[in-house]
Amino acid sequence: MRDTRESRLLLVLLVAIAFALITVDIRGGEQSPLDGARQAAAAAFGPVEAGVARVVDPVGNAVSAVRDSGRRHSRIAQLQHENEALKAKLGSSDRNRNRARELDKILKTAGTGQYAIKGAQVIAIGSAQGFSWTITIDAGSRDGIARDMTVLNGDGLVGRVTTVGPDTSTVLLAADPDFTVGTRMEKTNEIGFANGQGVRSLRVQLLNGRATVKKGDRLVTFGSSKDKPFVPGVPVGRVVKVEPSNGDLTRTLQVRPFVSFSQLDIVGVVVQPPRQDPRDTVLPPAPAKPKPTPTVTVTATPSASASPRS
């Protein structure tokens, strides 16, 4: 179209009509007389707009991602820092799993023996007040701990409380040479006294010098008067050697304790004894004896038809 006076007048007229329609539509709001035309236009041009949006949106998203990358990077760095701090606070996952298993064992032991216990963590190990085999736990008089309470873990007897402070307590371990506890043999009920020997096994003196004892037999605590310092039924150890009696009135045994005193972490202090002596019920089930493998012997029988050699 050539740029003539008529074409310019037509352009001005179309622009004026467009402004007039816009004004009418805005003033009409939801009751606008042009609403039907607008809906028809939306139906006609909507698919085209959607197609254009699918092409343009990835570009817009990329621009937004670049614009927000700085903030996201800072947030990720913050989360990583918080995660590392949490790991440092909780410790390694392996340690947490081991401690959870140990706690489960302690609770099982306490439940079987009907001991009311107070859980505690070992915070120090070493000599204290002249004792050579002691640990310090993070529970004291404020937690209901008192002197001469039995201390155990999921494996058996750990020791007894000797000194109590407001927030910590000292425990004399069963491995200490000054430690003595009354014991009772599983099944036979033979009574004796166990003494610590440091890193070596416990030394047990049975009152009956003619008692029948064999390697592998197990012992539990006999219990004390009014259950202090020892409650009954706590696993002590397993016989590893029976020394010759030589006609003595007592019988000497070497007993390997169930507890590993160099690996103590979580322990339980018995704050209330059981109503009845649990006897041997706290001991784990005895390992099954391996069944002997049957031996089959094949003997060759000479054939009757075989002729003797000349």
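Cα-based radius of gyration for the stretch 160-262, normalised by 2.2 N^0.38 Å, reads 1.11.
Go through 96-103, 232-239 and give me the packing order, highest mean Cβ count within 10 Å leading. Can you show the working numbers first?
Numbers: 96-103: 13.2, 232-239: 23.4.
Most protected by this proxy first, the peptides run 232-239, 96-103.
The share of accessible area on the stretch 92-237 that comes from carbon and sulfur is 49 percent, using a 1.4 angstrom probe.
Each residue of the stretch 167-182 was assigned a 3J(HN,Hα) from its phi angle through the Karplus expression (A = 6.51, B = -1.76, C = 1.60, θ = phi - 60°), giving 10, 9, 9, 9, 10, 7, 7, 5, 7, 5, x, 8, 8, 9, 9, x Hz with x at Gly and Pro.
The values are calculated or read from the model by the stated rules, or taken from the named source; none is laboratory data. Being a predicted model, the structure only gives us computed values, none of them experimental. Here Cβ is always computed from backbone atoms with ideal geometry, including for glycine, and neighbour counts include all displayed protein chains. Ligands, DNA and RNA are excluded from the accessible area calculation, which covers all protein heavy atoms including side chains. Shrake-Rupley method; radii C 1.70, N 1.55, O 1.52, S 1.80 Å.
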